[in-house]
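The structure under discussion appears below in the form of structure tokens.
The values are calculated or read from the model by the stated rules, or taken from the named source; none is laboratory data. As the structure is a computational prediction, the values presented were derived from the model and not from experiment. When we count neighbours, we look across all protein chains shown, and the Cβ atoms used for this are built from the backbone with ideal geometry, even at glycine. We work out accessible area using only protein heavy atoms, side chains counted, and drop any ligands, DNA or RNA first. Shrake-Rupley method; radii C 1.70, N 1.55, O 1.52, S 1.80 Å.
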Amino acid sequence: MIDNKIINEIVTACKKDARLFSIVKEISQLNKEERLKIRRKASIVLKKEKSVDKEALTFYFVITEGDVVEEILRRINNGEKENA
């Protein structure tokens, strides 16, 4: 399972950047097989990449892990309910 700190960082980033939130929502709609394909591609590129893009690829790698994307959306939605 992905570190709780990383999940919280993604939640915070999604609250600040609608584009990231949109990506998370799109990934949440994919089935496990489709997520695995994205994860494999990100993994292959991550092994080769040595630039700033590594952070973006890591983002995709993390949100395609297990049920992480659902947890991110749950935390975002709970935060919105608390602020309402």
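Listed values, structure above:
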{"item": "Which numbered condition I2 misses (of (1) at pLDDT 90 or above; (2) outside any helix (DSSP H, G or I))", "result": "(1)"}
{"item": "Complete set of residues in segment 21-56 that are of a type in the set (A, V, I, L, M, F, W, C) and closer than 15 Å to E71 by Cβ", "result": "F21, V24, I27"}
{"item": "Some residue of segment 12-20 being surrounded by 11 or more Cβ atoms within 10 Å (Cβ to Cβ), part of a helix (DSSP H, G or I), in contact with a Cys (Cβ under 6 Å, 6 or more places away or on another chain) and modelled with pLDDT of 90 or more", "result": "yes"}
{"item": "Residue among K15, K32, K25 that is closer than 20 Å to R74 by Cβ and in contact (Cβ under 8 Å) with a residue 60 or more places away in the chain", "result": "K15"}
{"item": "Residue in segment 39-56 that is modelled with the lowest pLDDT, counting only those that are of a type outside the set (D, E, K, R), more than 19 Å from E9 (Cβ to Cβ) and open to solvent by 50 Å² or more (accessible area, probe 1.4 Å)", "result": "S51"}
{"item": "Matching entry among E65, E26 (being part of a loop (DSSP other than H, G, I, E, B), acidic (D, E) and either modelled with pLDDT of 90 or more or farther than 12 Å from I10 by Cβ (or both))", "result": "E65"}
